[in-house]
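The values are calculated or read from the model by the stated rules, or taken from the named source; none is laboratory data. Every value quoted in this text rests on a predicted model; they were computed, and no experiment measured them. Glycine gets a Cβ as well: all are built from the backbone with ideal geometry, and neighbour counts include every protein chain shown.
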Amino acid sequence: MKQSLTPVRGTNDYLPKEMAVREYARSIILSTYKKYGFMQISAPILEDINNLMGSDGGDNEKLIFKVLKRGEKLDLSAPNLTEQDIVDIGLRYDLTVPMVRLFCANQNSLPQPFKSIQIDYSFRADRPQRGRSRQFIQCDIDILGDSTINAEIDILNTTAKTFLALGFEGFAIKVNDRRVLSDLIAYAGFPQESEKDVCICLDKIDKIGLDGVAGELQERGYNKKIVEKLMGALESILKNGINALAQYGVRDEVVQSVNKIISSVNALSGGKYRAEFNISIVRGQGYYTGAVYELYVDGFSGACGGGGRYDNMVEKMTGKSVPAVGFGLGFEPTCMLISERGLLKVKEELVACVYRPEDDITEVLKFVEKLNKTYNVSAVCAKKNLGFQLESLKANGFTKFVKFGTNTIEDL
């Protein structure tokens, strides 16, 4: 049988030129995060299935890649098997759940508050599309142990400065608060226990509009009059902004909190980006408890990252309440936009040292060693068609070449 040479759907191969962009972006992101005092950690890709399924991850829990039990633990011959009988771990769908577990296990040896960095892969059995894959890198920063909105402002300022360092300007940070949504849902008359379910529907406003959300809520069995009351409030708020919230029962302290976050981020922006209120920012995960936000780059329809406050997750794991807030930068769409917009600022000088097959490889590598003090140099055995070979090297990121035995380094 002929084997497939294409990667599994929803995953990608990356050629040298693409990896140059990804490594550049990764280095800028990491160095900027560290510059603002965040500390790097790493957790396993695999996570206990009960941690993943019990995390209030919203629709993401439906997208978990689940892993079968292994060896003697996997008995497919047993009668009336359920998923619980054959699955015990899964691939993480984001970096938040593993980070919180790591924090809970090690919090006595970590600084308080703890400001963490994670740059690593996550996996979702999602429908692949532009800027979205099933295997993707996330770049998360989180602050655990700070209950004030200072943590949100710190997180958003650090994220914004990271996007500036990557070459973006004029982007928008759109801010909302799950407590705003809670008050609106209560105002409309929904049962309190339905809040998470309603928020999952509201998270689709940008995709299917208010009419689509209203239809989905009714399909889920909610009263038409209650749905219409909520849609009417949302329509008014979308038109009139944050000042319309008070007339729909939203608590004044919540409105003040959102305004403080927005005004602080704008004061720190130097006019290079903006923060603004947007009622359609919901975030589908059920674990959010306060401010939620997403970052949008002009000319790209999807978000380049998002996050919010999730004060209850640590308590669910340990019984001890620890406030938490975070932001996940979307590495894949960000790298795609860096490539498309030519924002790769620092290009490595990669030199090909071209030698003939009959040359002494030991002497060639000694020659390369001398050049390595200034350049990254690759010893390349010459082909018959040297011109074509040099064009191929140039297409794959080489910037210069030198013929072994000469001292003339030429541009490609």
Q | Positions within region 283-313 being assigned to a loop (DSSP other than H, G, I, E, B) and under 18 Å from Arg132 (Cβ atoms), in sequence order | A | Arg283, Gly284, Gln285, Val297, Gly299, Phe300, Ser301, Gly302, Ala303, Cys304
Q: Give Glu23, Glu47 a once-over and let me know the one that is at pLDDT 90 or above and in contact with a Pro (Cβ under 8 Å, 6 or more places away or on another chain).
A: Glu47
Q. For region 364-407, how many residues are touching a strand residue (DSSP E or B) at 6+ places or on another chain (Cβ under 7 Å), on the phi < 0 side of the Ramachandran plot and not hydrophobic (A, V, I, L, M, F, W, C)?
A. 6
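Taking region 245-283 on its own, how many of its residues are of a type in the set (Gly, Ala, Ser), closer than 22 Å to Cys199 by Cα and modelled with pLDDT of 95 or more?
The initial filter retains those residues of region 245-283 that are of a type in the set (Gly, Ala, Ser), namely 246, 249, 257, 263-264, 267, 269-271, 275, 280.
Among the residues that remain, those that are also closer than 22 Å to Cys199 by Cα are: 246, 249, 257, 280.
Keeping just the survivors that are modelled with pLDDT of 95 or more gives 257.
Number of matching residues: 1.
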Q: Just name the residue that is nearest to Glu348 (Cα to Cα) out of those in region 403-412 that are surrounded by 13 or more Cβ atoms within 10 Å (Cβ to Cβ) and not charged (D, E, K, R).
A: Leu412
Q.
I'm trying to understand the selection: among the residues of region 341-378, which are hydrophobic (A, V, I, L, M, F, W, C), within 38 Å of the chain's Cα centre (by Cα) and within 20 Å of Glu391 (Cα to Cα)?
A. Leu350, Val351, Ala352, Val377
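With the structure loaded, tell me whether Ser301 is assigned by TED's automatic domain parsing to the domain that holds Lys161, within 25 Å of Lys394 (Cα to Cα) and either touching a Leu at 6+ places or on another chain (Cβ under 6 Å) or among the polar types (S, T, N, Q) (or both) or whether it fails that test.
Working: assigned by TED's automatic domain parsing to the domain that holds Lys161: yes; within 25 Å of Lys394 (Cα to Cα): no; either touching a Leu at 6+ places or on another chain (Cβ under 6 Å) or among the polar types (S, T, N, Q) (or both): yes.
When the stated conditions are applied, Ser301 does not pass them.
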Q: Taking only region 63-88 into account, find how many residues are free of Cβ contacts under 8 Å to residues at least 24 places away in the same chain and either among the basic types (Lys, Arg) or not assigned by TED's automatic domain parsing to the domain that holds Gly308 (or both).
A: 3
Q.
Cβ-Cβ distance below 6 Å, separation of 6 or more or different chains: which pairs start in region 89-113 with a residue that is small (Gly, Ala, Ser) and end on one that is surrounded by fewer than 20 Cβ atoms within 10 Å (Cβ to Cβ) and part of a helix (DSSP H, G or I)?
A. Gly90/Ile49
Q: For Leu144, work out the one condition from (1) surrounded by fewer than 23 Cβ atoms within 10 Å (Cβ to Cβ); (2) more than 17 Å from Glu294 (Cα to Cα) it doesn't fulfil.
A: (1)
Q) Given the conditions (1) in contact with a Leu (Cβ under 6 Å, 6 or more places away or on another chain); (2) modelled with pLDDT of 90 or more, which single one is not true for Leu74? A) (2)
Q.
Being in the same structural domain as Pro191 (by TED's automatic domain parsing) and at pLDDT below 95: is that true of Leu230 here?
A. yes
Q: Could you tell me whether region 177-185 includes any residue that is out of contact with any strand residue (DSSP E or B) (no Cβ under 9 Å at 6 or more places or on another chain), closer than 27 Å to Ser147 by Cβ and hydroxyl-bearing (Ser, Thr, Tyr)?
A: yes
Q. In region 375-402, what count of residues is obtained for those that are closer than 15 Å to Leu365 by Cα, surrounded by 17 or more Cβ atoms within 10 Å (Cβ to Cβ) and either free of Cβ contacts under 8 Å to residues at least 40 places away in the same chain or out of contact with any helix residue (DSSP H, G or I) (no Cβ under 9 Å at 6 or more places or on another chain) (or both)?
A. 3
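Can you pull out the residues in region 146-164 that are more than 18 Å from the chain's Cα centre (by Cα) and under 13 Å from Val175 (Cα atoms)? Steps first, answer last, please.
First, the residues of region 146-164 that are more than 18 Å from the chain's Cα centre (by Cα): 146-151, 153.
Passing the criteria: Ile149, Ile153.
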Q | Complete set of residues in region 71-109 that are under 20 Å from Gly307 (Cβ atoms) and surrounded by fewer than 20 Cβ atoms within 10 Å (Cβ to Cβ) | A | Leu102, Cys104
